[in-house]
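Read-outs: derived from the displayed coordinates by stated rules, not from any lab. Given the structure is predicted, the values throughout are model-derived calculations rather than measurements. Cβ coordinates were reconstructed from backbone atoms using ideal geometry, including for glycine residues, and neighbour counts include every protein chain displayed.
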Amino acid sequence: MSQQGVLLINLGSPDSTSVPDVRRYLGEFLMDPRVIDVSWPLRTLIVRGFILPFRPKKSAHAYRMIWTPQGSPLVVTSRELQHGLEKQIGLPVELAMRYRMPSAEEALRGLERRGVTEAALIPLFPHYAMSSFETAVVHVQEWQKRVAPGLKLKVAAPFFDDGAYIDALSASVKESLAKPCDHLLFSFHGIPERHIKKGDPTGTHCLCSADCCEKPSPAHATCYRAQCFKTAALVAAKARPKAWSIAFQSRLGRDPWLTPFTDLEIPRLAKSGVKNLQVICPAFVADCLETIEEIGMRGRELFTEAGGKNFELIPCLNTRPDWITALGGIARKTLDAG
């Protein structure tokens, strides 16, 4: 009988807040051809010529603002999630990051040492995108062929509409809505529009009409935008905020990215009369730089400067018991699949 296990993979974080470590992390991240999907010479010029000489210092400062005594919030929380899931399902669970540590190689060797022969690979990204879900899966599969060829991997599907995940997310929103809230903003991580079009297997659906995400299509299986819209609609239907909308954060470069932009929507809402704003970031399951600093700090500042009064960042699911239970269900479903 095969010994089952789970491998969780998240995005990653610098090893420290030093500028060299942040530069190393950004270089690894941005040189991924599924993140900046242009030719290698052009990607090298963009990353090493225009980004790495300047951005690491600024990013290192931002990381220092959120760093904990134990290290990166993303890695620390993901480790706690790993241990909580292992306790919940009673199977070996290992953790990897797509960029930096802990590595996929380390996680795969850890599963093998523990006698695992069949593992559920769960990318901790609820929605499909080539720059997150896809690159994480391909990265682990490549390492598996090299260091653990006898290990069978079963890849979990994106869980953007999983019932237990939606229930956990909705419960976290309901708890926050006990405070005054005029408007709930769902802020998803942004991606370039070209990524959406590249992921469209039909080649004729995504971004070809204003309501493409509402029209049934096979393209939705790999459409980040449609899946984000679905998550927000399901959560809003359960949590019932007074008003809600969707925006996309963290854009890079000048190419067209998904709109509207969060950093423009937050002050717009304040100027439109919203005094009590709550923001949730469902593309992330663990709080990190993009939630704590970008939204919780800079977003708050944008809101109050534009006339808003109360700004609330709803925490990611992190290690909520209902989220760990949901993740256990995703693991079991993946392992039980043929």
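How charged is the neighbourhood of ASP263? Take every other residue with its Cβ under 9 Å from the Cβ of ASP263, and add Lys/Arg as +1 and Asp/Glu as -1.
0
Would you mind working out the magnitude of the charge dipole of the range 163-313 relative to its Cα centre, with +1 at each Lys and Arg C-beta and -1 at each Asp and Glu C-beta, to the nearest 20 Debye?
So the dipole magnitude of the range 163-313 works out to roughly 320 debye.
Is the range 122-227 best put as rounded, prolate or oblate by its Cα gyration tensor, with a ≥ b ≥ c the root eigenvalues, rounded for a/c under 1.5, and otherwise prolate when a/b is larger than b/c, oblate when not?
Cα axes put the range 122-227 in the oblate bin.
When the helices in the chain are scored as -39500 (n - 2.57) per DSSP H run of 4 or longer and the sum is shared across all residues, what 222 nm value do you end up with, to the nearest 500 deg cm²/dmol?
Helix contribution divided over all residues of the chain: -12500 deg cm²/dmol.
Excluding CYS206 itself, what net charge comes from residues whose Cβ is under 10 Å from its Cβ, given Lys and Arg +1 and Asp and Glu -1?
Taking every other residue near CYS206 into account, the sum is +1.
Quote the charge dipole size of the range 18-128 about the Cα centre in Debye, to the nearest 20; the model charges only the Cβ of Lys and Arg (+1) and of Asp and Glu (-1). Don't skip to the answer; put the middle values down first.
Details: 16 positive and 11 negative charges, 119 e Å.
Roughly 580 debye, rounded to the nearest 20.
Rank GLY190, THR334, ALA129 by how far each Cα sits towards the positive end of the charge dipole of the chain (+1 on Lys, Arg Cβ; -1 on Asp, Glu Cβ) and give me just the farthest.
GLY190
I'd like the orientation of helix 262-271 relative to the chain: the angle between its Cα long axis and the longest Cα principal axis, in ° from 0 to 90, rounded to 10.
Rounded to the nearest ten degrees, it is 30.
Could you pull out every residue, at least 5 positions away or on a different chain, whose amide H is within less than 5 Å of the one on LEU11? Hs are placed 1.01 Å off N in the peptide plane, and Pro or chain starts have none.
Placed amide hydrogens put ARG98 under 5 Å from LEU11.
Among all the aspartates and glutamates, which ones have a C-alpha under 13 Å from LYS179's C-alpha, if same-chain residues fewer than 8 places away are not counted?
Hits, sequence-local ones excluded: GLU312.
Can you pull the one-decimal nm distance between simple spin-label points at LYS275 and LYS333, each 7 Å off the Cα toward Cβ?
4.2
Provide the per-residue ³J(HN,Hα) series for the range 324-337, in order, calculated from phi with Karplus coefficients 6.51, -1.76, 1.60 and θ = phi - 60°, each as a whole number of Hz, with x at glycine and proline positions.
4, 4, 4, 5, x, x, 5, 4, 4, 4, 5, 5, 7, 5
Could you work out how far helix 19-30 tilts from the main Cα principal axis of the chain, as a 0 to 90 degree angle to the nearest 10?
With rounding to tens, the tilt is 80 degrees.
Assign unit charges at the C-beta atoms only (+1 for Lys and Arg, -1 for Asp and Glu), then state the dipole size of the chain relative to its Cα centre in Debye, rounded to the nearest 20.
Values: 42 positive and 35 negative charges, 81 e Å.
With Lys and Arg at +1 and Asp and Glu at -1, about 380 debye.
Once amide H atoms are placed 1.01 Å from N in the peptide plane, what residues at a sequence separation of 5 or more from TRP244, or on another chain, have their amide H within under 5 Å of its amide H?
Answer set, sorted by chain and number: LEU184.
I'd like the Karplus ³J(HN,Hα) series for the range 37-44: coefficients 6.51, -1.76, 1.60, θ = phi - 60°, whole numbers in Hz, and an x wherever there's a Gly or Pro.
In residue order, the calculated couplings are 8, 10, 4, 4, x, 5, 4, 4 Hz.
Among LEU52, THR17, LEU252, whose Cα lies farthest out toward the positive end of the dipole of the chain, if unit charges sit on the beta carbon of Lys, Arg (+1) and Asp, Glu (-1)?
The residue sitting farthest along the positive end of the dipole is LEU52.
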